[in-house]
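The values are calculated or read from the model by the stated rules, or taken from the named source; none is laboratory data. Not measured: the values here are computed from a predicted model. Every residue, glycine among them, receives a Cβ derived from its backbone with ideal geometry; neighbour counts consider all protein chains shown.
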Amino acid sequence: MEGPVCQVAWGCYLLLAISIGAHCAMSSDNLACPSTSDLQTQPVAALDKEGIGPAMMSIPMTACSTSLSKHHSGGSGTNKNKQMVEQLQRYGVISSKKVVEVMETIDRALFVPDGTPAYVDSPMAIGYNATISAPHMHATCLQLLEENLQPGMHALDVGSGTGYLTACFATMVGPQGRAIGVEHIPELVASSIKNIEKSAAASLLKGGSLSVHAGDGREGWPEHAPYDAIHVGAAAPEIPQPLIDQLKPGGRMVIPVGKIFQDLQVVDKNLDGSVSIRSETAVRYVPLTSRDAQLKGY
Ligand code: SAH
């Protein structure tokens, strides 16, 4: 993100934070602008960096963050991960049993950089001007895609970053399905594969139903198209046509769209091939862009 844009975003954030106050649910998620790094650790209320689901709008996110970290001050990693998921259920972010199951199965701590508080409901920097999304945002996207992540289905995760959601998708679609991550920073592809190898999705990676590839996700990944589910983890100025083309009739894509002001859009391809689009919520993600632009700080 360029300086002035960043400043505008920061200014908007301040205005919103002031006008909405501490009791709102605007959280930061994928924002990678260095001068807004505080946003990533201090989620506030109604317009999120990498988004929040509507359920989160009524949650005091600052309290949520604190509460999650407090609850996770003791116990094993697996228990702490479970407690994080329970907390998201208590706040009404997760209502789906399958999403609970998969988020309990894939331990978030294996995907965040060492020394990062894994179970705090906030995005975290992962290098290369990218972030891992906040747990509530992962939960929201999993829930929006749940029906399209059934065993045997094909899922594409564009901007797969740490590999967390790709691992969740692979676990849901199972060994008969196919989960593909596409990420344009080769170092992140390599580290995401290491993360997945430590996780409960390792056997799926080994078995070949889960794979992560270096490439420009705006082109999708035609080899395993069409997809029942497509998730895009970075904001596109407009929905890339190849991704629409690679969506199966009956398939669903969840994609943040916009520049400074973004919407998490839910794109359903109808059986006749037509497309219906609705906005789920206001969000703020890092851009879906070229590798050069991202490494230069947008
Ligand atoms: N959802 C992931 C990461 C989100 S950050 C997680 O939670 O871990 C967004 C990711 O999109 C970054 O890793 C960034 O490198 C990647 N990205 C941005 N533009 C891209 C493009 N054109 N092709 C592939 N990946 C892209």
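For the reader, a short list of remarks on this structure follows.
- Which numbered condition residue 164 fails, given (1) surrounded by 24 or more Cβ atoms within 10 Å (Cβ to Cβ); (2) out of contact with any Phe, Trp or Tyr (no Cβ under 7 Å at 6 or more places or on another chain): (2)
- The set of residues from the stretch 165-196 being within 7 Å of the ligand (Cβ to nearest atom) and either at pLDDT below 95 or in a helix (DSSP H, G or I) (or both) comprises 165, 188.
- Checking residue 199 against (1) surrounded by fewer than 19 Cβ atoms within 10 Å (Cβ to Cβ); (2) at pLDDT 95 or above, the condition it does not meet: (1)
- Residue 156 vs. criteria touching a helix residue (DSSP H, G or I) at 6+ places or on another chain (Cβ under 6 Å) and surrounded by 24 or more Cβ atoms within 10 Å (Cβ to Cβ): no
- Meets criteria (in a helix (DSSP H, G or I), touching a Gly at 6+ places or on another chain (Cβ under 9 Å) and under 28 Å from residue 118 (Cβ atoms)) for residue 230: no
- Inside the stretch 212-239, residues that are surrounded by 14 or more Cβ atoms within 10 Å (Cβ to Cβ), within 21 Å of residue 283 (Cβ to Cβ) and without any contact (Cβ under 8 Å) to a residue 40 or more places away in the chain make up a count of 1.
- For the stretch 233-282, the set of residues classified as of a type in the set (Lys, Arg) and part of a loop (DSSP other than H, G, I, E, B) consists of 259 only.
- Candidate set: the stretch 120-164, residues that are in contact with a Leu (Cβ under 9 Å, 6 or more places away or on another chain) and among the acidic types (Asp, Glu); chosen: the one nearest to the ligand (Cβ to nearest atom): 157
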